[in-house]
Amino acid sequence: MSGAGDDTLLDVKNLSVRFQTTKGPVEAVRGVSFTLGRERLGIVGESGSGKSQTGRAILGLTAKNGRISADHVRFDGMDLARTTDQAMRKVRGARISMIMQDPRYSLNPVIRVGEQIAEAYRVHTGANRSEARRRTIEMLNRVRIREVEKVVNLYPHEVSGGMGQRIMIAMMLIPDPDILIADEPTSALDVTVQLQVLAILDDMVRERGMGLIFISHDLNLVASFCDRVLVMYGGQIMETLDAGKLHEAEHPYTRGLLNCLPTLNDARDLAVLERDPAWLEPVGAGGPGGGQ
Amino acid sequence: MIEVGDLTVTFGTGARAVRAVRGISFTVAEGESFGLVGESGSGKSTVLRAMAGLNRDWGGRMTVAGQPLGKTRARAFYRSLQMVFQDPFGSLHPRHTINDILGEPLKIHVIGDSETRILNALDEVGLGPEYRFRFPHQLSGGQRQRIAIARALIINPPIMLLDEPTSALDVSVQAEILNLLRRLRNEHRLTYILVSHDLSVVAHMCDRLAIMNAGRVVEQLSVERLRAHEPDHPYTKQLLRASLGYDRAAAENLEWFD
Ligand SMILES: Nc1ncnc2c1ncn2[C@@H]1O[C@H](COP(=O)(O)OP(=O)(O)OP(=O)(O)O)[C@@H](O)[C@H]1O
Ligand SMILES: Nc1ncnc2c1ncn2[C@@H]1O[C@H](COP(=O)(O)OP(=O)(O)OP(=O)(O)O)[C@@H](O)[C@H]1O
Ligand SMILES: [Mg+2]
Ligand SMILES: [Mg+2]
C-alpha cells in the first residue's frame, strides 16, 4: 500500500461518468468523492442513481459510449483514471475484484460452473488441475452450497438464482484482492445463507484488511453490516453516514427511502418516494460528498 | 383454486440426479395470496415452473381451478395462470419493443383490441404511453420488472405466480410494485403464489406461507404467527432471527437442516 500507517486503500476525487446517447448526454455519475479504508463501505440509493456506474468506472469497465473524468482515483500509488490499459488489466481481478449485479450473465453459459472456478484459480495461482479442483470444492462449501460434487457439473442456467450469486462470490475471492466491489451480491440469497456469505466478506475485511464496497438496496442490511454508507441520488452522493446511524438519517431522500420499507407488522399500503427537484442540484465541493 | 399433492421434481439421473423437490403438498384458496419462502436452492422456482408447465418431468398431483394438470398444457391453461419470472433482465426479448412484448400474449390467445389493452396494461403498472415503443434496455430495472408484470396481467389471468418480483428492485420501486399487486388482487380477486426471501414482503402481501428447505416444506403457517414470532420449526425460527440484519454471532451459530 501507499505507506506504513496509511490505511486509505482507494481515494476517489470528483469522479464523473457521462454517456453519449442518441437522445443527448446522460450524466450517470456527477462529481463523486470518497475514500475507502480497510472497512465495509456501503453504497445505497434508488435505481439509476449511479451506484453500479461508480463501481465500474473505478475499474475502467464503463461502456464504450461513456466517458470518465476525475481529479484522481488513487490506488497503490497509481491514478486509475489515467493509467495504461495494461496496468489496469493487472489491477482488475487480481487486486480489485468486482462482483457484477447479474451474476448468471457474468458466467460463461457453455462451461460447467466447477470448471470455470477451477480455471480462474489456475490462472491466478498456477496450481495444477487436481489442486484447482480440490480448492473449487472447498470454496463452494465455504459459501454453503449443498451437494457441491453435483453442482460443479451443472451449467450456469441449471443453478438457482442464489447459487449463481454464491458461485460468483467464490470466484472473486480466489485472488485474495485488496479491494472487492460487490454489486448487490446477496440480493438472491435467503437471509440465513446471506448471513453466512456476509460473514466470509467480514472476515476478509477484518482478518486480511481488504476494503469492501458493498452496493445494495437493502437499507436494513447495510445499516447492520457496513461501517459507513454513501447515499446516492441522481449520480451524486447526497450524504455519508455511519452505517449504524442510517436509520437516524435526516436528509429527506434517505428518510423517503427508509419509509418505503415494508415491515413485518404493518399491512398498510407502503409510502412511495416523493422526489424533490432540488436534490438534483450540484451538491458542491466540501459538501456532504466529502466522504470522510 | 390450487392443489399440489406430493409434488416431486428430479433433474438428471443416476449419481448426478438433483432431487430439487422432494414431495411437497399445499393448497391455495381462490383470492388467497400464498407465500413460498426458504433456503436458496430449496426448489421454490422449480415448484412454480412445474406448475406453469415449463418442466414436464414432475411427479405427484397438481390441480388448478378444478382441472388436474397433465404433462402438457393446452393454450387455454395460460389464460388462467401466468408467471412473472425471478430474473427481470433475462425475461424480456431484447430486440422486441414493449408494444411487441405486451402484444404477444394477446396474439397467442387471439384477443382483439390490442391497442387499448396495451395502453391499459401500461397504465395499470404506472407507465405512460411514451414507453410503448421503447426497447427493454431503454428502461430501468424497475420499469422492466413492471413490463414483466404487465405482460402477465394483460390477459387478466385469475392466478399469478410471482417469483421474487421485487428482489432486484430498489425500495422505492418495490413499494410501488407491491402496492400495485395488492390493488390488483383486491380489485380482481386474484390468487397469488409469491416467492420471496424478504419476510417483511411476504408478511405484507400474503395470508399464509410455506417454508421450504432442501426440497421439502418444513412448515406452513399464517402470517399472524410469523408476525408473532411463533413458528414451530427451528429452521423458520432461524430465518426470523437472520432477517433482523447482520449479526456475526448469529452467523456463527446457524444450523444446517437436511
Ligand atoms: N451505456 C449506457 N448508456 C446510457 N446510459 C447508461 C448506460 N449505462 C448506464 N446508463 C445510465 O446511467 C445511470 C446510472 O446507472 P447505474 O447502473 O449506475 O444505476 P444503479 O444505481 O446501479 O441502479 P440499479 O439499482 O437499478 O442497479 C442510469 O440512468 C442508467 O440508465
Ligand atoms: N435444469 C436444471 N438442471 C439441473 N439442476 C437444476 C436445474 N434447474 C434447477 N436445478 C436445481 O434444482 C435445485 C432447486 O433450484 P431452484 O431454482 O428451484 O431453487 P430456488 O429455491 O428457487 O432458489 P433461489 O432462492 O436461489 O432462486 C437447485 O439445486 C438447482 O441447482
Ligand atoms: Mg446497479
Ligand atoms: Mg429461485
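The values are calculated or read from the model by the stated rules, or taken from the named source; none is laboratory data. From a predicted model like this one, the values you see are computed outputs, not experimental measurements. Positions of Cβ are backbone-derived with ideal geometry, glycine not excepted, and every protein chain shown enters the neighbour counts.
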Checklist entry - Out of the residues in the stretch B:197-252 that are within 21 Å of the chain's Cα centre (by Cα) and of a type in the set (K, R), which is nearest to A:H247 (Cα to Cα)? => result B:R208
Next on the checklist: With the requirement that a residue be buried (at least 18 other Cβ atoms within 10 Å of the Cβ), away from ligand 2 (no atom under 16 Å from the Cβ) and in a loop (DSSP other than H, G, I, E, B), what does the stretch B:133-168 give you?
Outcome noted: B:L139, B:I154, B:P157
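Could you say which residue among A:L246, A:L273, A:L257 is within 16 Å of ligand 3 (Cβ to nearest atom), surrounded by 19 or more Cβ atoms within 10 Å (Cβ to Cβ) and farther than 30 Å from A:D76 by Cα?
Values: A:L246 fails: within 16 Å of ligand 3 (Cβ to nearest atom); A:L273 fails: within 16 Å of ligand 3 (Cβ to nearest atom).
Within the list A:L246, A:L273, A:L257, the selection yields A:L257.
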Checklist entry - Would you say A:A170 is within 16 Å of ligand 1 (Cβ to nearest atom) and either small (G, A, S) or in a loop (DSSP other than H, G, I, E, B) (or both)? => result no
Next on the checklist: Among the numbered criteria (1) surrounded by 16 or more Cβ atoms within 10 Å (Cβ to Cβ); (2) modelled with pLDDT of 95 or more, which one does B:R182 miss?
Outcome noted: (2)
Next on the checklist: Among the residues of the stretch B:40-52, are any away from every other protein chain (no Cβ under 14 Å) and more than 16 Å from ligand 4 (Cβ to nearest atom)?
Outcome noted: no
Next on the checklist: Looking for something aromatic (F, W, Y), within 11 Å of chain B (Cβ to nearest Cβ), more than 13 Å from ligand 1 (Cβ to nearest atom) and farther than 28 Å from B:S45 by Cα - is there at least one such residue anywhere in the stretch A:246-253?
Outcome noted: yes
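Can you list the helices (runs of 4 or more DSSP H) lying wholly within the stretch B:201-258 that have 1 or more residues being more than 10 Å from chain A (Cβ to nearest Cβ) and in contact with an Asp or Glu (Cβ under 9 Å, 6 or more places away or on another chain)?
Working: elements: B:223-227, B:234-242, B:248-252.
In the stretch B:201-258, the matching helices (runs of 4 or more DSSP H) lie at B:223-227, B:234-242.
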Checklist entry - A:T192 is checked against (1) in contact with a helix residue (DSSP H, G or I) (Cβ under 6 Å, 6 or more places away or on another chain); (2) under 28 Å from A:L59 (Cα atoms); (3) within 16 Å of ligand 4 (Cβ to nearest atom) and fails just one. What number does that condition carry? => result (2)
Next on the checklist: Checking A:K51 against (1) under 19 Å from B:S140 (Cα atoms); (2) touching a Phe, Trp or Tyr at 6+ places or on another chain (Cβ under 8 Å); (3) crowded, with 16+ Cβ neighbours inside 10 Å; (4) not aliphatic (A, V, I, L, M), only one condition comes out false. Which one?
Outcome noted: (2)
Item to check | Filter pass, B:D113 being at pLDDT below 95 and within 11 Å of ligand 2 (Cβ to nearest atom) | outcome: no
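Tell me the residue from A:Q196, A:Q165 that is surrounded by 24 or more Cβ atoms within 10 Å (Cβ to Cβ), at the interface with chain B (Cβ under 10 Å from one of its Cβ atoms) and not charged (D, E, K, R), please.
Criteria check complete, one pass: A:Q165.
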Checklist entry - Could you say which residue among A:A127, A:A188, A:A132 is within 16 Å of ligand 1 (Cβ to nearest atom) and among the small types (G, A, S)? => result A:A188
Next on the checklist: Out of everything in the stretch A:37-50 that is modelled with pLDDT of 95 or more and within 12 Å of ligand 1 (Cβ to nearest atom), what residue ends up being farthest from A:L10 (Cα to Cα)?
Outcome noted: A:V44
Checklist entry - On the given criteria, is A:Q116 under 18 Å from A:D102 (Cβ atoms), at pLDDT 90 or above, surrounded by 15 or more Cβ atoms within 10 Å (Cβ to Cβ) and polar (S, T, N, Q)? => result yes
Next on the checklist: So A:K51 passes all but one of these: (1) within 14 Å of chain B (Cβ to nearest Cβ); (2) away from ligand 4 (no atom under 16 Å from the Cβ); (3) free of Cβ contacts under 8 Å to residues at least 12 places away in the same chain. Which condition number does it fail?
Outcome noted: (3)
Checklist entry - Are any residues in the stretch A:221-243 within 10 Å of another protein chain (Cβ to nearest Cβ) and crowded, with 24+ Cβ neighbours inside 10 Å, and if so, which ones? => result A:V222, A:F225, A:C226
Next on the checklist: For the list (1) away from chain A (no Cβ under 12 Å); (2) of a type in the set (G, A, S); (3) in contact with a Ser or Thr (Cβ under 9 Å, 6 or more places away or on another chain), I need the number of the one condition that B:S196 fails.
Outcome noted: (1)
Checklist entry - Somewhere in the stretch A:138-145, is a residue more than 16 Å from ligand 4 (Cβ to nearest atom), in contact with a strand residue (DSSP E or B) (Cβ under 8 Å, 6 or more places away or on another chain) and in a loop (DSSP other than H, G, I, E, B)? => result no
Next on the checklist: Can you report the number of residues in the stretch A:13-24 which are modelled with pLDDT of 90 or more, surrounded by fewer than 23 Cβ atoms within 10 Å (Cβ to Cβ) and not hydroxyl-bearing (S, T, Y)?
Outcome noted: 4
Next on the checklist: I need every pair where a residue in the stretch B:164-182 that is at the interface with another protein chain (Cβ under 7 Å from one of its Cβ atoms) and aliphatic (A, V, I, L, M) has its Cβ under 8 Å from the Cβ of a residue that is within 14 Å of ligand 3 (Cβ to nearest atom) and in a helix (DSSP H, G or I), sequence separation at least 6 or different chains.
Outcome noted: B:A168/B:G141; B:A168/B:Q145; B:L169/B:G141; B:L169/B:G142; B:L169/B:Q145; B:V173/B:G141; B:V173/B:G142; B:V173/B:Q145
Checklist outcome for this item: Of the conditions (1) within 30 Å of A:F19 (Cβ to Cβ); (2) in a loop (DSSP other than H, G, I, E, B), the single one that B:H197 does not satisfy is (1)
Next on the checklist: Being facing chain B (nearest Cβ under 10 Å), more than 16 Å from ligand 3 (Cβ to nearest atom) and out of contact with any Leu (no Cβ under 8 Å at 6 or more places or on another chain) is true for just one of A:D202, A:D218. Which residue is that?
Outcome noted: A:D202
